[in-house]
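The values are calculated or read from the model by the stated rules, or taken from the named source; none is laboratory data. Just so it is clear, the structure is predicted and the values come from calculations on it, not from any experiment. Glycine also receives a Cβ, built like all others from the backbone with ideal geometry; neighbour counts cover every protein chain displayed.
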Amino acid sequence: MEYFIQQLINGLTLGSIYGLIAIGYTMVYGIIGMINFAHGDVFMIGSFIALTAFLLLTSLFGPAFLPVVLVLVLIITMLFCVAWGWSIEKIAYRPLRGSFRLAPLITAIGISIVLQNFVQISQGARVKPLPPQIQGGVTLMEGATGVVQLSWMHMIIIATTVVLMTGFSLLISRTSLGRAQRACEQDRKMAALLGIDVDRTISLTFVMGAALAAVAGFMFLLRYGVIDFYIGFLAGIKAFTAAVLGGIGSLPGAMLGGLLIGLIETFWSGYFPIEYKDVATFSILVVLLIFLPSGLLGKPEVEKV
Amino acid sequence: MATASNIRPGPTRAASLEQGAFVWSVALADAAKAAALAGILGFFFIGMKTDIAGDGLVLSYRWAALGHAVLIVFLGRLLLDALLGKAAPVTTQMLTAGIFIAGIAGIMTQDATGGSLPARALVGAVLGGLIVAVLYGVALWRRRPAPARAEATRQARFAIPIGIALVLLALTLPFLITTFLPGQQRQFIDLAILILTYVMLGWGLNIVVGLAGLLDLGYVAFYAVGAYSFALLSTCFPFIGFWSALPLAGMLAGMWGLVLGFPVLRLRGDYLAIVTLAFGEIIRVVLLNWVDFTNGPNGISGVPKPTFFGLEFSRGEGGFADFFGLEFSTIHRFIYLYYIILALAFLTNFVTLRLRKLPIGRAWEALREDEIACRALGINTTNTKLTAFGIGAMFGGLAGAFFATRQGFVSPESFTFMESAIILAIVVLGGLGSQMGVVIAATVMIGGIEMLRHISFVGQIFPGVDPVQYRMIIFGLAMVAIMIWKPRGFISRRNPSAVLKERKSIGADLVSQGEGH
């Protein structure tokens, strides 16, 4: 029982990270109908920026100001990742606006190759270990079979995710930017006719996705402490799977899908052979899509003839 | 890398630059912005580096390198503004990215054993300059007025002679190589074999994506099934031999195509894409972990080589060279392999071209254009999709079997998602549904990436610089650049299978991309 609850907590933490990346996929998909394959690599870029910024700031301030440093690192990571996201959109996706839909998919794959190799060359191919920075936590239960511990790390990740998700939902539902986004999602031409700067809105969508991916990268670094230039691939695919599982284009769906994927993965690793955890995740995706072809919360496409 | 003025340029800037006038203040501001962005992007990646030291990480600084990169971007951007103005903003973006990368290329080599920083910066500048020159030429060429109709038909008229010439070239290529490049024959024939393997894979995937319009991101799964089927069949049952194992591997892969195609029948668009991707990953992970069956990460070695009517390509009695009274040479086997893959690729192309004339091929293309209309006309979409998946998978499997026998070794590492992505990129870069496009794209991309392995002469001029490690970056950037310049691929015209009055080629824009896109 204790083991089960501990796995549940771990799963929710991992799921939060997937969910944050998945939002980036689902938003971009919702607005321009494109799979942004480079998004996982933006997450990787984010974790590298976080690592370097963390080392830089601790060498400047010393280890005494850890909370301040962490908050600063988070902000710096988001800002620099936003610059990356914006540049990628500008170079690879904006010129193909209105082109046929496979073209940006291919440029996204190209950008993904570029980013991976750029980081590999500039930072080296070896994994970068960062010792755990935040230790300790609260012991929730103590039973015969084990201990359930809710570490500060888990709390920070889950709390950050909840805060970001709330802020984000408010942004989409209450602000004029959110309205513009939803308008572009429904009908880009009509939105442009009504005075919405469609290109700017789409750019901002990418930028927001990049910022969330940066947060995910930061938390991934703190939680798992090991990053390399290749982490973006698997995390990206998992997050994309999460977005599709939840119903691509739906924000709550992305979060739900992320949590589900995180839970499936953690529970499978806890009770079954760990090597097959990806097979389990993908098989559940396939089976679920056979019965719910538009995901959990996705709206079935209405076809007009 | 520029202001947001692509779409709606500000009045002063638009007026000055679009008329071709060069205004220093505008250009300087533009270049400064590009340089600032390069500084931001490079800050944590070029300016600093984390290294493992002891049991922790240390940070080292490379501010000089960052400064050089920013300077190169600034000067490069200024040069571009002077040359291009704002008339081709998209090109300018790409070029600046190219310059940025080239700047890094010169500066940031991991083991700076020799070569001072300015020297390496100079290499970067030279490389960047070369890229600029080439792309500038392309940009100028693209500014020509669009080809007139007459030219389009002229292109179409030359299609057949060019095709025949290419077939003849392909048939005689090994002998041309052995005659004219005797020193590097092995290397070039190997490269030709590699390119042909990708041509065949591209043609196989073209059936699924280009003709039936189903976006398949996991094509490598069938390549893997073919390779492993062949490797297992020929190592466990040595009496089967290459020529019986090859079709068996193709059939097994085709069956897997049907099996995996079945659950995805109801899915549309990107749901289909992710499920095929998931299948690709599942097969790879299973191959990696089912050690009893596949030998896991160690792979299967000792896959037998093909024989020529029972003759082995070995030295001594009973070998190929001995039988025909030739002097033994290892190159014979490579030439033989070349002809096998050439025959397989031609088979793929021939079957595809013939199928396009049969009802099933017409049904594929109809499915790509409009699935609902297909159903309304009584086409069985289930069978249509399944045959596309199955036949595409079969050719992927044949290519996989060939891969296994050529390498003599298979392991799960060869079948990653990146492989699927490269095959898909070849199909899309060539022009979806265009057979000729696949050939061009495979030659350019695969040949290009292999050629980039041999640019090490730069390192000889400037010691300490190893440009070879930048080839994947160049590969990725080339994918982006080609897609932006030619969103419909290298071949932008298509020949419809069914015509009303006269047979003529049409623009690729008129061809639908199917539901997966």
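General observations
- Selection of the stretch B:367-385 for residues being surrounded by fewer than 18 Cβ atoms within 10 Å (Cβ to Cβ) and out of contact with any Cys (no Cβ under 8 Å at 6 or more places or on another chain) yields B:Glu369, B:Asp370, B:Ile372, B:Ala373, B:Arg375, B:Ala376, B:Leu377, B:Gly378, B:Asn380, B:Thr382, B:Asn383.
- Pairs with Cβ under 6 Å, 6+ apart, first in the stretch B:67-79 and assigned by TED's automatic domain parsing to the domain that holds B:Ala38 and closer than 16 Å to B:Trp24 by Cβ, second in a helix (DSSP H, G or I) and among the polar types (S, T, N, Q): B:Arg77/B:Thr96
- Checklist (1) more than 30 Å from B:Ile274 (Cα to Cα); (2) more than 10 Å from every other protein chain (Cβ to nearest Cβ) applied to A:Gln123, failing item: (2)
- Residue match in the stretch B:297-311 (condition: in a helix (DSSP H, G or I), in contact with a Ser or Thr (Cβ under 9 Å, 6 or more places away or on another chain) and either over 30 Å from A:Arg101 (Cβ atoms) or within 14 Å of chain A (Cβ to nearest Cβ) (or both)): yes
For (1) at pLDDT below 90; (2) surrounded by fewer than 14 Cβ atoms within 10 Å (Cβ to Cβ), each residue gets a yes or a no:
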residue: B:Ser314; (1), (2): yes, no
residue: B:Glu317; (1), (2): yes, yes
residue: B:His332; (1), (2): yes, no
residue: B:Val351; (1), (2): no, no
residue: B:Arg354; (1), (2): no, yes
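- Per-region count, the stretch A:58-107, residues of a type in the set (A, V, I, L, M, F, W, C), surrounded by 23 or more Cβ atoms within 10 Å (Cβ to Cβ), within 9 Å of chain B (Cβ to nearest Cβ) and in contact (Cβ under 8 Å) with a residue 40 or more places away in the chain: 4
- All positions within the stretch B:238-295 that are of a type in the set (D, E, K, R) and within 28 Å of the chain's Cα centre (by Cα): B:Arg268, B:Asp270, B:Glu281, B:Arg284
- Test for A:Met141: is it part of a helix (DSSP H, G or I) and more than 14 Å from chain B (Cβ to nearest Cβ): no
- Restricting attention to the stretch B:232-250, the residues that are assigned to a helix (DSSP H, G or I), closer than 15 Å to B:Phe308 by Cα and touching a residue at least 12 places away in the same chain (Cβ under 8 Å) add up to 4.
- Test: A:Thr201 is among the hydroxyl-bearing types (Ser, Thr, Tyr), away from chain B (no Cβ under 14 Å) and in a helix (DSSP H, G or I): no
For (1) over 18 Å from A:Leu251 (Cα atoms); (2) surrounded by fewer than 19 Cβ atoms within 10 Å (Cβ to Cβ); (3) of a type outside the set (D, E, K, R), each residue gets a yes or a no:
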{"position": "A:Val148", "(1), (2), (3)": "yes, no, yes"}
{"position": "A:Ile158", "(1), (2), (3)": "no, yes, yes"}
{"position": "A:Ser173", "(1), (2), (3)": "no, yes, yes"}
{"position": "A:Glu185", "(1), (2), (3)": "no, yes, no"}
{"position": "A:Lys189", "(1), (2), (3)": "yes, yes, no"}
{"position": "A:Gly195", "(1), (2), (3)": "yes, yes, yes"}
{"position": "A:Phe206", "(1), (2), (3)": "no, no, yes"}
{"position": "A:Ala211", "(1), (2), (3)": "no, no, yes"}
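- Qualifying positions in the stretch A:123-137 - touching a helix residue (DSSP H, G or I) at 6+ places or on another chain (Cβ under 8 Å) and assigned to a strand (DSSP E or B): A:Lys128, A:Gly137
- Here A:Ile32 meets the list (1) surrounded by fewer than 20 Cβ atoms within 10 Å (Cβ to Cβ); (2) more than 17 Å from the chain's Cα centre (by Cα) almost entirely, failing just condition (1).
- Unique match (being more than 30 Å from B:Gly54 (Cα to Cα), touching a strand residue (DSSP E or B) at 6+ places or on another chain (Cβ under 9 Å) and touching a residue at least 24 places away in the same chain (Cβ under 8 Å)) among A:Val148, A:Val127, A:Val138: A:Val148
- Some residue of the stretch B:258-280 being away from every other protein chain (no Cβ under 13 Å), under 24 Å from B:Leu398 (Cβ atoms) and assigned to a helix (DSSP H, G or I): yes
- Which listed residue, of B:Ala478, B:Ala498, is over 30 Å from B:Leu367 (Cα atoms) and either at pLDDT below 85 or within 14 Å of chain A (Cβ to nearest Cβ) (or both): B:Ala478
- Boolean, B:Ile99 is more than 10 Å from chain A (Cβ to nearest Cβ) and either within 19 Å of A:Ile91 (Cβ to Cβ) or at pLDDT 75 or above (or both): yes
- Answer residue from the stretch B:29-51, given it is farther than 19 Å from A:Gln120 by Cβ and touching a Lys or Arg at 6+ places or on another chain (Cβ under 6 Å) and is surrounded by the fewest Cβ atoms within 10 Å (Cβ to Cβ) among those: B:Ala31
- Residue identified as closer than 30 Å to B:Leu214 by Cβ and at pLDDT 85 or above among B:Val286, B:Val303, B:Val291: B:Val286
- Cβ-Cβ distances below 6 Å connect the following pairs, each with a first residue in the stretch B:187-208 that is of a type in the set (Phe, Trp, Tyr), a second residue that is outside any helix (DSSP H, G or I), and a separation of six or more residues or different chains: B:Phe188/B:Leu181.
- Test: residue in the stretch B:423-433 that is part of a helix (DSSP H, G or I), in the same structural domain as B:Leu173 (by TED's automatic domain parsing) and among the small types (Gly, Ala, Ser): yes
- The residues listed here are B:Phe350, B:Phe293; of these, the one that is aromatic (Phe, Trp, Tyr), under 30 Å from B:Ser497 (Cβ atoms) and either away from chain A (no Cβ under 14 Å) or outside any loop (DSSP other than H, G, I, E, B) (or both) is B:Phe350.
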